[in-house]
Structures are given as C-alpha cells and as structure tokens.
Amino acid sequence: MGRNIVLPALASTLFVLLPIGRDRLLAALATRPAPDFIDVFSTSVSEPSTYPSLRIALIANLGLASVYLALAYLFSRHLDRPSTRGLGFTPTPLSPYLLAQLTLGSTALAFGSIAVTAAVFPESLGAEPWQWKSVGLLLSLLALLIAEECAFRGYLQRRLLRQWPPALAIGATSIVFVLAHGSTENAICVGLGSLWFGYTAWRSDSTGIGIYCHIATNTSASLIHSYFGPVLSATTASKLLGLGIGLLLALGLSSAYLQKRQR
C-alpha cells in the first residue's frame with residue numbers, strides 16, 4: 001500500500017512545484033523594464049513593459065507543457081500499456097446531444113464560478129484577460145491545457161481511481177490541481193473546474209472529454225471575464241451568489257446526463 005501511494009505523491013509534488021517555478025520566473029522578469037520587441041505572434045500589445053516578453057511567456061508555457069507531458073508519459077508506464085491508453089485516450093462516441101450537454105455544462109460552470117468569485121473577490125473582475133492579446137501565447141496556453149489534462153486526469157486521477165473511490169480520487173486530484181495554480185482569487189474557479197473535468201473524464205472514461213470540457217470552460221470564462229466582468233463587479237454579492245449557485249445547479253443537472261462508458 002505504501003509503495004502504491006509513493007508514485008502518485010511524487011507526481012503530485014512535481015505537478016505543483018513546476019508551475020510555481022514558472023510563475024516566479026515570469027514574475028521576476030515582469031519587474032524588469034522590457035525592451036521594445038516585435039512578436040510575430042502578437043496582435044496587440046499596448047503596454048509591453050508591464051509583462052515579460054511574450055516570447056519568454058510563450059517559451060515558458062511550452063516548456064511547462066512539455067515537462068508535464070514527459071512526466072505523464074513516464075508515470076503512466078505504471079498503468080495500462082500502451083501509454084496512450086494508460087493516459088485515458090480511448091475512443092469515445094460523441095453524439096451531438098452529448099457535445100451540447102458538455103458545452104452547456106462547461107459554460108454554466110464558468111459563469112457560475114465567476115459569479116461566486118465576484119461575490120467573494122470583486123476586485124478580481126473588470127480587466128480584460130491579457131492572454132487574448134497574443135495569438136501565440138493563446139496557443140501555448142492551449143498546449144499547456146492539454147498537457148495539464150494528460151498529467152492530472154490522464155495519469156494522476158486514473159492512478160488514484162485504481163485504489164480509491166471516484167469521489168475521493170477526483171477530489172484529491174482537484175486539490176493538487178488548485179495548488180498547482182496557486183492563486184487564492186482563482187481557487188473557486190479552478191477547484192470547481194477541476195471537479196467538472198475530473199467528473200466528465202471519469203464518467204466517459206476518456207481524458208479527451210476532460211480536455212474538451214477544459215477548453216470549453218476556459219474559453220467561456222475568458223469571454224465572460226472580458227465582456228461581463230464590469231457588470232458582475234457592480235452587482236450585489238447576494239445576487240451574484242444566487243446566480244452562481246443557480247448556474248452550478250444547472251451544471252449538476254447537465255452532468256446527470258453523462259453515462260459511464262462501458263469498457
């Protein structure tokens with residue numbers, strides 16, 4: 001039993017420390033005056049001196065994604081072989097109705113969790129997410145998102161499911177996921193998102209479904225943050241909490257559709 005928990009514990013530690021190291025590096029670089037630069041991936045950079053070079057951020061994200069994928073592949077050798085099956089990339093039928101349920105559920109999660117976050121941390125809303133300013137950075141974040149799902153849902157959660165009940169395995173994976181993201185203000189969104197990604201990946205027995213829900217949720221959250229952030233910030237906390245809880249209940253109803261895929 002002790003040996004069975006060593007590898008997941010080691011993987012969890014690495015998964016948490018790696019993004020923290022990247023964020024500290026980017027924060028240190030952001031405090032230095034940035035020279036003028038032309039980034040072929042960038043579409044609009046109004047204040048480049050307030051950020052690290054977009055090239056540096058892009059390289060940092062791609063580097064972290066590569067390490068996540070390498071670690072997931074390495075640790076998954078202790079799961080089913082070949083490693084792609086060990087990471088949960090099994091064929092999964094996707095009907096239009098199921099795709100709509102997943103999309104609506106992810107959108108409800110994004111809006112609901114942002115509404116609750118706005119009630120608790122109103123200062124966290126109102127600004128346009130800066131990652132939209134660079135197509136290249138956006139693509140690097142997409143690569144990082146896929147790598148995160150391979151590491152957290154593809155390896156860690158599936159590994160824990162071999163020993164623990166689903167609720168415990170999904171919950172433990174989500175705690176590690178929140179710690180890896182490190183932001184107190186975003187803990188609600190990140191934690192609820194991780195539970196949703198883990199739940200859909202488990203119910204469908206497919207990491208690919210978790211990746212789709214992660215993409216749908218992040219895209220919805222960024223659009224809501226960009227276009228509705230000021231409105232949410234100005235709304236009273238009680239109304240925001242009611243809205244958030246209602247939408248999260250809608251998420252629960254939509255998730256009830258999902259059926260465990262037969263192995």
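Restricting to the stretch 145-192, name every residue that is among the acidic types (Asp, Glu) and either buried (at least 21 other Cβ atoms within 10 Å of the Cβ) or in a helix (DSSP H, G or I) (or both). 148, 149, listed by residue number. For the stretch 100-128, a residue qualifies if it is modelled with pLDDT of 75 or more and loosely packed, with under 13 Cβ neighbours inside 10 Å, and exactly one does: 100. What is the one condition in (1) modelled with pLDDT of 75 or more; (2) buried (at least 16 other Cβ atoms within 10 Å of the Cβ) that residue 223 does not satisfy? For residue 223, the failing item is (2). The residue pairs whose first member lies in the stretch 208-226 and is farther than 16 Å from residue 98 by Cα, whose second member is surrounded by fewer than 19 Cβ atoms within 10 Å (Cβ to Cβ) and acidic (Asp, Glu), and whose beta carbons are closer than 8 Å, counting only pairs six or more residues apart or on different chains, are 225/128; 226/128. Within the stretch 29-61, the residues that satisfy the criterion of being in a helix (DSSP H, G or I) and either crowded, with 16+ Cβ neighbours inside 10 Å or modelled with pLDDT of 75 or more (or both) are 48, 54, 55, 56, 57, 58, 59, 60, 61.
The values are calculated or read from the model by the stated rules, or taken from the named source; none is laboratory data. Small disclaimer: the values here were computed from a predicted structure and weren't measured. Every residue, glycine as well, gets a Cβ built from its backbone with ideal geometry; the counts of neighbours run over all protein chains shown.
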